[in-house]
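Accompanying notes for the structure given below.
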Amino acid sequence: MSLMQAIKARDASLLPSRRDEAWRYSDLRAAIREIPGASPEASRPTGPPPLVDVEADHEILVLNGRAEAKGFLAVAGAPITLRLRIVSDAEHTLHQSALTLDLEPGADLTLIETYEGQGSAYVSGFSLAISLGAGARLERIVLVDEPADAISISRSEIELQPGARLAQTVVCSGARLQRHETEVRHPGGGADVRLDGLYLLDGKRHADLTTVLAHTAPDGTTRQLTKGLAKDQARGVFQGRILVEEGADRTDARMGHHALLLNDGAEIDAKPELEIYADEVSCAHGNTVGSLDDAALFYMRSRGLPEAEARALLMQAFVGEVVDRIEHDGARAAVQAWVARRLEALA
Amino acid sequence: MAAVTQTVEHVASLEGDKYKHGFVTDIAQDFAPKGLNADTVRFISAKKGEPEWMLQGRLEAFERWQAMEEPTWARVHYPKIDYQDLYYYAAPKARAGPMSLDEVDPQLLETYAKLGIPLREQEVLAGVQGAPRYAVDAVFDSVSVTTTFKKELAGAGVIFCSMSEAVREHPELVKQYLGSVVPASDNYFACLNAAVFSDGSFVYVPPGVRCPMELSTYFRINAENTGQFERTLIIADKGAYVSYLEGCTAPMRDENQLHAAVVELVALDDAQIKYSTVQNWYPGDSEGKGGIYNFVTKRADCRGDRSKVSWTQVETGSAITWKYPSCILKGEDSVGEFYSIAVTNGRQQADTGTKMIHLGKGSRSRIISKGISAGRSSNTYRGLVSAHQKASGARNFTQCDSLLIGKHAAAHTTPYIEARTASAHFEHEATTTRLSEDQLFYAMQRGLGQEEAVSLLVNGFVREVLQELPMEFAVEAQKLVAISLEGSVG
């Protein structure tokens, strides 16, 4: 990531800008004029973690770029839940860190990965390298809930072995510039990937969900669904790319992105890409951008529902599909509760 | 379906090389000295007897172009073009006296006869009874050689002539509109075109006039090492309607040839322009040797309220295609349409699509794109749909389907969607599939040969777009698609 290079060289001109194709809707160089100083150590947060109701077997805390551990190894056996809590507590300073997560063949892990922040105008960078052994299963639930003036870039690289299963749901509320990138190497051979996302934005918040998924060998399936809502002057960005390499025959991949603009002035930018070099593939993507259905709103109001409530209901129905796909019961309930609170702010 | 039978027969009857337009016409030609500098620009301008303001515009564009960099973002690969190793102007040697049809070099007429273009009015008239008539402007290498049906068109008030003639006869229109849709600074190839364009077609349809016949231009690159840089400008004044067809061919040559054209369309209030292209430039041989680099900028400006522009393209030729016919939907309730079939085979590379830029209230657009890739070719759909904050009620529907034939073909879809108004409704669907074995098997067990079966299935796949073409072109396009895919299965 050139964010790392720019930090190392302390040269903001190395940051990617909208002139770089992969960053055309999220201009990092415009957001960071100068590389800020390093964040100091901070004391452990005293409040409860986000999605506190999910019971976790293990917890790793990353505080202002200082991680308690270098990584985590999930062994085969009973399902494990790991809480990875990335906390920023800084003013106008920068911090970053990296972690690895390995799943042995046959391991079964639920990862609750949350991003939270105290203070303001910090720049946070985080990267995660994940590998899944044959037949391993990972459900990754990511919640990015940060202050409106923060800049936060997180990136993960995921490698799967045949027969592994990855299910990911990223839920975010945006920030001054918030980007969550996922890069997946999909080996086919019965491996299965689900990549979901949800952004709920208001004010001047900006969220960017970017995924690059490469099918490298035959017989892989991918399902991807991202939804979003943007209110006020918020800006939602979805960039999804599915690459089917030569030889990855019989790949079956579906991508969907659907977003609603709640008022004029908000903006949605989407770039759903398919790049196919293989035979006998079945790939499709769908993309829609629109607004809340006036006829449905009118119907509900005519049945006595106040407008705000009717709008909230419609939004809930719209985004519910993404949340419902979370498989871990506890995590689904916790995310549902967080989304319900967030929708109140958007209604 | 008679047309399908025809296609099948046509494919069956093909022997030897499938590119039937690959001949060279040996006629005396005028060339500009090889290479590109300000003097080349002056030479072209002087050859055309242009006024000073045109020359100044060209020189400014040339100045800009020198400072620009060739774009590299498209998914196409080719060796660097040596712009100094090209001829920028080639014209059949004109004889003295006015150019009436009888004085046109008979060899030239023969060329067009081979291409199947009925240049002579009597030939057109001798065509099938009741068939619509076409007014044809034929552009040979750099210049327009003849325009038919001018008188009849003039009776309706329609101006249809070569660009050089328009500069002489209608400078006020050219001054007002040329470069107003695609300015010289727009992109590298458009800028090059603005400096060295040699000819092209000019159409003006006055207010309230429905152009009485289809207009058509045939472009032909003949001379060796020649770039073709034509420029087309079509203006439909308030309430006017015009349908325009464009066809292109080139001889088979081992080296690559450059085609960098600019097409500008202007539609005022309630005007409609229908622009159809059957692009069949030489695609190179199956190993990727030779072929045309087709780097074209086409854009329509729907300036007027309720104006409508419809692009239909059938792209089967060219080694490399880099082309995005676009609509700027400025007028309220203006409409843009894009229907495209892009077929690539051998080692062809196509990066093509459209831009629909919604600026006006209630503007609507529709995109139907069908890409077929066979052999070792690469076929990319690249499109942009955007809605400005003021474009309330904007609507777009996009459908891009790709069909893969064979193990080594590549198909890509890169759409950009940018919405800034809550009342915009954008829908985009894309699919990529392989030519179905089941359907192929079914067609073959009913007695069709493999190539007939492929051609039948493919014609079914692209039918939605073929329907948008004027009838004669639809038949030609259907044949072209079949020929382009010959030998792609098995």
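The values are calculated or read from the model by the stated rules, or taken from the named source; none is laboratory data. Every value quoted in this text rests on a predicted model; they were computed, and no experiment measured them. Cβ coordinates were reconstructed from backbone atoms using ideal geometry, including for glycine residues, and neighbour counts include every protein chain displayed.
Restricting attention to the range A:281-314, and to residues there that are polar (S, T, N, Q) and facing another protein chain (nearest Cβ under 8 Å), which single residue is farthest from A:GLU344 (Cα to Cα)? Spell out the reasoning first.
Just the residues of the range A:281-314 that are polar (S, T, N, Q), to begin with: A:282, A:287-288, A:291, A:302.
Subsequent filtering for residues that are facing another protein chain (nearest Cβ under 8 Å) retains A:282, A:287-288, A:291.
Numbers: A:SER282: 39, A:ASN287: 26, A:THR288: 24, A:SER291: 17 Å.
Selected residue: A:SER282.
Go through A:ALA278, A:ALA331, A:ALA270 for me and flag whichever is at negative phi, in contact with a strand residue (DSSP E or B) (Cβ under 6 Å, 6 or more places away or on another chain), within 12 Å of another protein chain (Cβ to nearest Cβ) and not in a strand (DSSP E or B). Explain how you work it out, then say what you get.
On the way: A:ALA331 fails: within 12 Å of another protein chain (Cβ to nearest Cβ); A:ALA270 fails: not in a strand (DSSP E or B).
Selected residue: A:ALA278, the only one of A:ALA278, A:ALA331, A:ALA270 that is at negative phi, in contact with a strand residue (DSSP E or B) (Cβ under 6 Å, 6 or more places away or on another chain), within 12 Å of another protein chain (Cβ to nearest Cβ) and not in a strand (DSSP E or B).
So, in the range A:193-227, of the ones that are at pLDDT 95 or above and acidic (Asp, Glu), which residue ends up nearest to A:SER124 (Cα to Cα)?
Checked the range A:193-227; the qualifying residue nearest to A:SER124 (Cα to Cα) is A:ASP208.
Only residues that are outside any loop (DSSP other than H, G, I, E, B) and in contact (Cβ under 8 Å) with a residue 12 or more places away in the chain: list them for the range B:147-158, please.
Restricting attention to the range B:147-158, the residues satisfying the condition of being outside any loop (DSSP other than H, G, I, E, B) are B:147, B:150-155.
Across the range B:147-158, the qualifying residues are B:THR147, B:LYS150, B:GLU152, B:LEU153.
Any residue in the range A:1-23 that is free of Cβ contacts under 8 Å to residues at least 12 places away in the same chain sitting within a Cβ distance under 7 Å of a residue that is in a loop (DSSP other than H, G, I, E, B)? List the pairs, counting only those 6 or more apart or interchain.
A:GLU21/B:TRP73; A:TRP23/A:PRO16; A:TRP23/A:SER17
How many residues does the range B:191-219 hold that are aliphatic (A, V, I, L, M), touching a Lys or Arg at 6+ places or on another chain (Cβ under 9 Å) and within 14 Å of B:GLU63 (Cα to Cα)?
Taking the range B:191-219 and keeping what is aliphatic (A, V, I, L, M), we get B:192, B:194-196, B:203, B:205, B:209, B:213, B:215.
Okay, now just the ones that are also touching a Lys or Arg at 6+ places or on another chain (Cβ under 9 Å), so B:194-196, B:213.
Right, trim to within 14 Å of B:GLU63 (Cα to Cα) and you get B:194-196.
Residues in the range B:191-219 being aliphatic (A, V, I, L, M), touching a Lys or Arg at 6+ places or on another chain (Cβ under 9 Å) and within 14 Å of B:GLU63 (Cα to Cα): 3 in total.
Under the condition of being buried (at least 21 other Cβ atoms within 10 Å of the Cβ) and among the β-branched types (Val, Ile, Thr), which residue from the range A:88-113 is nearest to A:ALA150 (Cα to Cα)?
A:ILE112
Step by step: first the residues of the range A:231-245, then only those that are assigned to a strand (DSSP E or B) and more than 16 Å from the chain's Cα centre (by Cα), then the one that is farthest from A:ARG176 (Cα to Cα). Which residue is that?
To start, the set of residues in the range A:231-245 that are assigned to a strand (DSSP E or B) comprises A:235-244.
Those left that are additionally more than 16 Å from the chain's Cα centre (by Cα): A:242-244.
Numbers: A:ILE242: 28, A:LEU243: 30, A:VAL244: 34 Å.
Going through the qualifying residues, I end up with A:VAL244.
How many residues, within the range B:165-177, are touching a Phe, Trp or Tyr at 6+ places or on another chain (Cβ under 9 Å) and in contact (Cβ under 8 Å) with a residue 40 or more places away in the chain?
7
Residues A:LEU305, A:LEU292, A:LEU343: which one is assigned to a helix (DSSP H, G or I) and at pLDDT below 95?
Numbers: A:LEU305 fails: assigned to a helix (DSSP H, G or I); A:LEU292 fails: assigned to a helix (DSSP H, G or I).
Testing whether each residue is assigned to a helix (DSSP H, G or I) and at pLDDT below 95 leaves just A:LEU343.
Working only within the range A:21-62, note down all residues that are farther than 18 Å from A:ASP149 by Cα and touching a Ser or Thr at 6+ places or on another chain (Cβ under 8 Å).
A:ALA22, A:TRP23, A:PRO40, A:PRO49, A:PRO50, A:LEU51, A:VAL54, A:GLU55, A:ALA56, A:ASP57, A:HIS58, A:VAL62
Output the number of residues of the range A:33-70 satisfying the condition of being in contact with a His (Cβ under 7 Å, 6 or more places away or on another chain) and of a type outside the set (Ser, Thr, Tyr).
Our first condition is that a residue be in contact with a His (Cβ under 7 Å, 6 or more places away or on another chain); within the range A:33-70, this holds for A:36, A:38-39, A:64-65.
From what's left, of a type outside the set (Ser, Thr, Tyr): A:36, A:38, A:64-65.
Looking only at that region, the number is 4.
For the range A:233-242, check the following and say yes or no: at least one residue is of a type in the set (Phe, Trp, Tyr) and either within 10 Å of another protein chain (Cβ to nearest Cβ) or at positive phi (or both).
Within the range A:233-242, the first condition is being of a type in the set (Phe, Trp, Tyr), and the residues that meet it are A:238.
This time we only want the ones that are either within 10 Å of another protein chain (Cβ to nearest Cβ) or at positive phi (or both), so: A:238.
Yes, there is a match, as at least one residue in the range A:233-242 is of a type in the set (Phe, Trp, Tyr) and either within 10 Å of another protein chain (Cβ to nearest Cβ) or at positive phi (or both).
Consider B:SER455 against the criteria (1) at pLDDT below 90; (2) of a type in the set (S, T, N, Q); (3) more than 26 Å from the chain's Cα centre (by Cα): it satisfies all of them except one. Which criterion is unmet?
For B:SER455, the exception is condition (3).
Among all residue pairs at least 6 apart or on different chains, which show Cβ distances below 9 Å where the first residue, located in the range A:255-279, is of a type in the set (Lys, Arg) and the second is outside any strand (DSSP E or B)?
A:LYS271/A:ARG24; A:LYS271/A:TYR25
Do we find a residue being within 18 Å of the chain's Cα centre (by Cα), hydroxyl-bearing (Ser, Thr, Tyr) and outside any strand (DSSP E or B) anywhere in the range A:82-98? Outline the logic, then answer.
Within the range A:82-98, the first condition is being within 18 Å of the chain's Cα centre (by Cα), and the residues that meet it are A:82-88, A:96-98.
Now drop any that are not hydroxyl-bearing (Ser, Thr, Tyr), which leaves A:88, A:97.
Next, from what is left, pick out any that are outside any strand (DSSP E or B): none.
Among the residues of the range A:82-98, not one is within 18 Å of the chain's Cα centre (by Cα), hydroxyl-bearing (Ser, Thr, Tyr) and outside any strand (DSSP E or B), which makes the answer no.
For the range A:246-267, what are the residues that are more than 22 Å from A:LEU313 (Cα to Cα), aliphatic (A, V, I, L, M) and part of a strand (DSSP E or B)?
A:ALA253, A:MET255
Quick one: is B:ARG366 facing chain A (nearest Cβ under 10 Å), in a strand (DSSP E or B), in contact (Cβ under 8 Å) with a residue 24 or more places away in the chain and in contact with a strand residue (DSSP E or B) (Cβ under 9 Å, 6 or more places away or on another chain)? Spell out the reasoning first.
Working: facing chain A (nearest Cβ under 10 Å): no; in a strand (DSSP E or B): yes; in contact (Cβ under 8 Å) with a residue 24 or more places away in the chain: yes; in contact with a strand residue (DSSP E or B) (Cβ under 9 Å, 6 or more places away or on another chain): yes.
Here the answer is no, as B:ARG366 does not meet what is asked.
Can you pull out the residues in the range B:405-439 that are without any contact (Cβ under 8 Å) to a residue 40 or more places away in the chain and hydrophobic (A, V, I, L, M, F, W, C)?
Scanning the range B:405-439 gives B:ALA410, B:ILE417, B:ALA419, B:ALA422.
Which helices (runs of 4 or more DSSP H) does the range B:379-490 wholly contain that include 2 or more residues that are more than 10 Å from chain A (Cβ to nearest Cβ), in contact with a Leu (Cβ under 9 Å, 6 or more places away or on another chain) and not acidic (Asp, Glu)?
Working: elements: B:437-445, B:450-461, B:463-466, B:471-484.
Once the helices (runs of 4 or more DSSP H) in the range B:379-490 are filtered for at least 2 residues that are more than 10 Å from chain A (Cβ to nearest Cβ), in contact with a Leu (Cβ under 9 Å, 6 or more places away or on another chain) and not acidic (Asp, Glu), what remains is B:437-445, B:450-461, B:471-484.
Among the residues of the range A:16-34, is any surrounded by 13 or more Cβ atoms within 10 Å (Cβ to Cβ) and more than 18 Å from A:ALA207 (Cα to Cα)?
no
Considering only residues that are polar (S, T, N, Q), part of a loop (DSSP other than H, G, I, E, B) and touching a helix residue (DSSP H, G or I) at 6+ places or on another chain (Cβ under 9 Å), look in the range B:159-215 and name the one that is nearest to B:GLN84 (Cα to Cα).
First, pick out the residues of the range B:159-215 that are polar (S, T, N, Q): B:162, B:164, B:176, B:180, B:185, B:187, B:193, B:198, B:201.
From what's left, part of a loop (DSSP other than H, G, I, E, B): B:180, B:185, B:187, B:198.
Okay, now just the ones that are also touching a helix residue (DSSP H, G or I) at 6+ places or on another chain (Cβ under 9 Å), so B:185, B:198.
Numbers: B:SER185: 21, B:SER198: 17 Å.
Here the residue is B:SER198.
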